[in-house]
Amino acid sequence: MTAEQTQPLYEVLYCSTLAQNLPPTTVGAIVTRARARNAEQGITGLLVFDGMRFCQHLEGPRDAVDSLMRRIVEDPRHVEVRVAYEAPLARRRYTGFGMGLAESEGPDLMAGVHALDGEVALRHFLALLPSFDING
Ligand SMILES: Cc1cc2nc3c(=O)[nH]c(=O)nc-3n(C[C@H](O)[C@H](O)[C@H](O)COP(=O)(O)O)c2cc1C
């Protein structure tokens, strides 16, 4: 039996800011590695990057999400990691791809999510999804 069948799902939405003085290949490297690892762990979701800020929405078995978040919080490639929303999840929201990457045009959209908290932040993020060009 897979972890998916035995463990309830959990979701986390967090925001962070890219650390300074990193090569331009940083985000691509994060996503390539994340896709391989997340597939093994049953994690799906979306990473949005606007050139400065990240927002990532993760979903999967609770233990896998918790352990990934512990690694992410410690990752020196970004700073000011702040969890905006986390809760049990009935059904996956991202089924078409493992970890999508969307490059958000202009800083305003992500600034909005960064300023919000809790369910308001989640709803704001979900409302933006149709405007993203997602590379899955
Ligand atoms: C913004 C951001 C998003 C990340 N997303 C993921 C992710 O979805 N999955 C993942 O495994 N690692 C992700 N990472 C990388 C982790 O922090 C960590 O470096 C990685 O999981 C370690 O994997 P490794 O020990 O196999 O190299 C992310 C890092 C950053 C800065």
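Side notes on the structure shown:
- Selection from Gly45, Met99, Ala64, by position along the positive dipole direction of region 9-136 (Cβ): Ala64
- Placing +1 on the Cβ of every Lys and Arg and -1 on the Cβ of every Asp and Glu, with nothing else charged, gives the chain a dipole about its Cα centre of roughly 280 debye.
- Applying a DSSP loop filter and a limit of 16 other Cβ atoms within 10 Å to the trypsin sites (Lys or Arg not before Pro) in region 81-117 leaves Arg91, Arg92, Arg93.
- Interchain or long-range residues, amide H under 5 Å from His78's placed H: Ala19
- A 1.4 Å probe run over region 9-106, with the rest of the protein chains in place, finds 50 Å² accessible per residue.
- The Cα trace of region 3-135 gives Rg and Dmax of 13.8, 42 Å, the first to one decimal, the second as a whole number.
- Relative contact order, whole percent, for region 3-135 stands at 35, derived from Cα pairs under 8 Å and 6 or more residues apart.
- Protection proxy ranking of 73-80, 40-47 - average other beta-carbon atoms within 10 Å, highest first: 40-47, 73-80
- Residue-count net charge about Ser104 - beta-carbon cut-off 10 Å; Lys, Arg +1, Asp, Glu -1: -4
- The distance linking region 84-135 with region 2-60 is 12 Å (Cα centroid to Cα centroid, whole angstrom).
- Peptides 52-64, 24-36 ranked from most to least packed, by the mean per-residue count of other Cβ atoms within 10 Å: 52-64, 24-36.
The values are calculated or read from the model by the stated rules, or taken from the named source; none is laboratory data. What you are looking at is a predicted structure, and each value in this text was computed from that prediction instead of being measured. Methodologically, a virtual Cβ is constructed for each residue, glycine included, from the backbone with ideal geometry; neighbour enumeration extends over all protein chains shown. Side chains included, ligands, DNA and RNA excluded: accessible areas come from the protein's heavy atoms. Shrake-Rupley method; radii C 1.70, N 1.55, O 1.52, S 1.80 Å.
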